[in-house]
Amino acid sequence: MTLWRAEQLLVGALYEHSGLDPIIDENMPFDAESHHGPWYRVAMLPARPQSREIGDGAPMRQRGILQVDVFYPKGEYKGGAKSDAQKIIDAYPAGSVIEGDGDRVRVRESWYESGREESRWYHVPVSIAWLAEVQA
């Protein structure tokens with residue numbers, strides 16, 4: 001499996017299981033300043049791969065974080081943002097495996113952090129730690 005395939009599986013699970021909209025993937029146009037409701041930004045943050053064996057062609061273990069940022073208009077009750085953060089966590093239970101066409105990504109853990117105000121938004125970062133075997 002490639003790193004790109006791992007990303008497709010992880011982001012696909014967000015679209016399939018969270019019920020949230022709009023989800024803004026990396027490099028997609030979006031004008032946050034003219035938007036008036038909640039929105040969600042996704043970024044893949046891979047760590048450096050590690051070889052599990054010695055030699056050319058050895059399988060590589062890839063870890064990383066799928067970062068999903070929840071944005072709600074500043075001044076609205078924070079419960080909506082925290083509820084949506086929990087929906088994202090619920091879509092990625094610890095120990096679960098996301099599969100597709102023989103490829104597998106294991107969810108290690110997921111959590112959200114304290115919210116913070118940014119511009120006209122209340123921002124709650126959600127992190128999904130994952131692990132996969134990838135091609136060297």
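The values are calculated or read from the model by the stated rules, or taken from the named source; none is laboratory data. Only a predicted model underlies this, so the values are computations on that prediction, with no experimental measurement involved. Note that we place each Cβ from the backbone using ideal geometry, even for glycine, and neighbour counts take in every protein chain shown.
Does Ile128 count as over 29 Å from Glu33 (Cα atoms) and either in a strand (DSSP E or B) or at pLDDT below 95 (or both)? Give the derivation first.
Values: over 29 Å from Glu33 (Cα atoms): no; either in a strand (DSSP E or B) or at pLDDT below 95 (or both): yes.
No: the conditions fail for Ile128.
Which residues, counting only those in segment 88-125, are within 15 Å of Trp39 (Cβ to Cβ), crowded, with 16+ Cβ neighbours inside 10 Å and either under 14 Å from the mean Cα position of the chain (by Cα) or without any contact (Cβ under 8 Å) to a residue 60 or more places away in the chain (or both)? Steps first, answer last, please.
The initial filter retains those residues of segment 88-125 that are within 15 Å of Trp39 (Cβ to Cβ), namely 88, 115, 118-125.
In the following step, the residues that additionally are crowded, with 16+ Cβ neighbours inside 10 Å were identified as 88, 115, 121-125.
Matches in segment 88-125: Ile88, Gly115, Tyr122, His123, Val124, Pro125.
So Leu45 fits all but one of (1) out of contact with any Ser or Thr (no Cβ under 8 Å at 6 or more places or on another chain); (2) surrounded by 20 or more Cβ atoms within 10 Å (Cβ to Cβ); (3) modelled with pLDDT of 95 or more; what number is the exception?
(2) is the only condition that Leu45 fails.
Considering (1) in contact (Cβ under 8 Å) with a residue 12 or more places away in the chain; (2) over 22 Å from Ala6 (Cα atoms); (3) more than 19 Å from the chain's Cα centre (by Cα), say which one Pro59 fails and leave the rest.
Unmet condition: (2).
Taking Tyr72, is it over 15 Å from the mean Cα position of the chain (by Cα), of a type in the set (Ser, Thr, Tyr), surrounded by 18 or more Cβ atoms within 10 Å (Cβ to Cβ) and under 25 Å from Gly12 (Cβ atoms)? I'd like the intermediate steps shown before the answer.
Working: over 15 Å from the mean Cα position of the chain (by Cα): yes; of a type in the set (Ser, Thr, Tyr): yes; surrounded by 18 or more Cβ atoms within 10 Å (Cβ to Cβ): yes; under 25 Å from Gly12 (Cβ atoms): yes.
So Tyr72 fits the description; yes.
I need a count of the residues in segment 103-123 that are under 17 Å from Leu45 (Cα atoms) and either out of contact with any Lys or Arg (no Cβ under 8 Å at 6 or more places or on another chain) or not charged (D, E, K, R) (or both). Break it down into steps so the answer makes sense when it comes.
Filtering segment 103-123 down to residues under 17 Å from Leu45 (Cα atoms) leaves 105-113.
Then drop every residue that is not either out of contact with any Lys or Arg (no Cβ under 8 Å at 6 or more places or on another chain) or not charged (D, E, K, R) (or both), which leaves 105-107, 109-113.
Looking only at that region, the number is 8.
Report the residue count in segment 80-136 for those that are acidic (Asp, Glu) and in contact with a Leu (Cβ under 7 Å, 6 or more places away or on another chain). Steps first, please.
Going through segment 80-136, the residues acidic (Asp, Glu) turn out to be 84, 90, 99, 101, 103, 109, 113, 117-118, 133.
Restricting the remaining residues to those that are in contact with a Leu (Cβ under 7 Å, 6 or more places away or on another chain) gives 84, 103.
Total meeting the criteria: 2.
Any chance segment 63-84 includes a residue that's within 19 Å of Glu33 (Cα to Cα), charged (D, E, K, R) and at pLDDT 95 or above?
Yes, some residue in segment 63-84 is within 19 Å of Glu33 (Cα to Cα), charged (D, E, K, R) and at pLDDT 95 or above.
Output the strands (runs of 3 or more DSSP E) that fall wholly within segment 1-119 and possess 2 or more residues being more than 20 Å from Trp130 (Cβ to Cβ) and not basic (Lys, Arg), or say none.
Because the criterion is at least 2 residues that are more than 20 Å from Trp130 (Cβ to Cβ) and not basic (Lys, Arg), the strands (runs of 3 or more DSSP E) in segment 1-119 that meet it are 60-73, 116-118.
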